[in-house]
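The values are calculated or read from the model by the stated rules, or taken from the named source; none is laboratory data. Note that the structure is predicted; figures quoted are calculated from it, not measured. Cβ: placed from backbone, ideal geometry, glycine included. Neighbour counts: every protein chain shown. Surface areas here come from the heavy atoms of the whole protein model, side chains and all, with no ligands, DNA or RNA. Shrake-Rupley method; radii C 1.70, N 1.55, O 1.52, S 1.80 Å.
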Amino acid sequence: MSVAFVKEPEGGEAFENLPDRPISPHTNFVTPEGLAQIEAEVARLEKEVASLDPADKAEDSRIGRDLRYWAARKNTAQLVEPKAGDTVQFGSTVTVIREDEAGKETRQTFRIVGEDEADPHKGSISYVAPLARAITGKTIGDVVEVNGNEVEVAEIR
């Protein structure tokens, strides 16, 4: 947008509203921990809104955008209680075996969770991730192909 079309407030700084955060088209499945995280984020943002300086338009826009996103995620959340079993499913903690680039077998353990709570660095992946999709419904010993590599389900908790 050209600066010529942005109205400058009395303070002299141009300001535009931030676009909304994109919301996934996938069903918003959440674990109990994921739902708690979403609820905590909504509460934190509502608290920020209450203490916001009305003159801080940029911060108001950022908080408003984030609050709309998290409120929408909270409203569409579908709680899935993890169930113990011998097949991989949402909420399962799974160990897989795969070969690395050098041909050495490596083990990887992760939990399958909702999109907003997924954090591969902390050992969780989204249920819509290619690996999670490939092993969902599988049992110990099953081998699947993911991105041209074989992956074996070694443990399910």
Test item: Cα-centred dipole of region 14-66, Lys/Arg +1 and Asp/Glu -1 on Cβ, debye: 120 debye
By how many degrees, 0 to 90 and rounded to 10, does the Cα axis of helix 57-76 deviate from the longest principal axis of the chain? 40 degrees
Those lysines that a straight Cα-Cα span of less than 21 Å connects to residue 74, excepting residues fewer than 8 apart in one chain: 47
On alpha carbon coordinates alone, what is the Rg over Rh value for region 61-117, Rh being the Kirkwood radius? 1.20
Per the Kirkwood treatment, what hydrodynamic radius in Å, one decimal, follows for region 113-157 from the mean inverse distance over all distinct Cα pairs? 11.2 Å
Among (i) 18.5; (ii) 16.7; (iii) 16.1, the entry derived from the coordinates for Kirkwood radius over Cα pairs in Å: (i)
Estimated 222 nm signal from helices in the chain, with DSSP H stretches of n ≥ 4 weighted -39500 (n - 2.57), rounded to 500: -9500 deg cm²/dmol
Cα-based reach from residue 83 at 16 Å (exclusive), listing aspartates and glutamates while leaving out same-chain residues under 8 positions away: 33, 155
Answer in debye to the nearest 20: the dipole magnitude of region 70-157 about its Cα centre, from +1 Lys/Arg and -1 Asp/Glu charges placed on Cβ, is 400 debye
Any idea of the accessible area per residue across the chain, 1.4 Å probe, to the nearest Å²? 64 Å²
Residue 31: net charge of surrounding residues, Cβ under 12 Å, Lys/Arg +1, Asp/Glu -1, itself excluded? -3
Under a Cβ-only charge scheme (Lys and Arg +1, Asp and Glu -1), can you give me the dipole magnitude of the chain about the Cα centre, in debye to the nearest 20? 400 debye
Note, residue 92: beta-carbon cut-off 9 Å, +1 each Lys/Arg, -1 each Asp/Glu, net +3
To the nearest 10 degrees, how steep is helix 32-50 against the longest Cα principal axis of the chain, on a 0 to 90 scale? 10 degrees
At what distance in angstrom do the alpha carbon centres of region 89-157 and region 27-83 lie from each other? 28 Å
Mind checking which aspartates and glutamates have their C-alpha under 13 Å from residue 57, skipping anything on the same chain fewer than 8 residues away? 8, 10, 13, 16
Find out how many positive minus negative residues lie around residue 106, taking Lys and Arg as positive, Asp and Glu as negative, among other residues whose Cβ is under 15 Å from that of residue 106. -4
Charge dipole of the chain about the Cα centre (unit charges at C-beta), most positive-ward option of 64, 24, 141: 141
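Taking square-rooted eigenvalues a ≥ b ≥ c of the alpha carbon gyration tensor, is region 79-157 rounded, prolate or oblate, where a/c under 1.5 means rounded and, failing that, a/b exceeding b/c means prolate?
Here region 79-157 falls in the prolate category.
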With a 10 Å cut-off between alpha carbons and a GNM built on the chain, which of 132, 50, 58 moves the most? 50
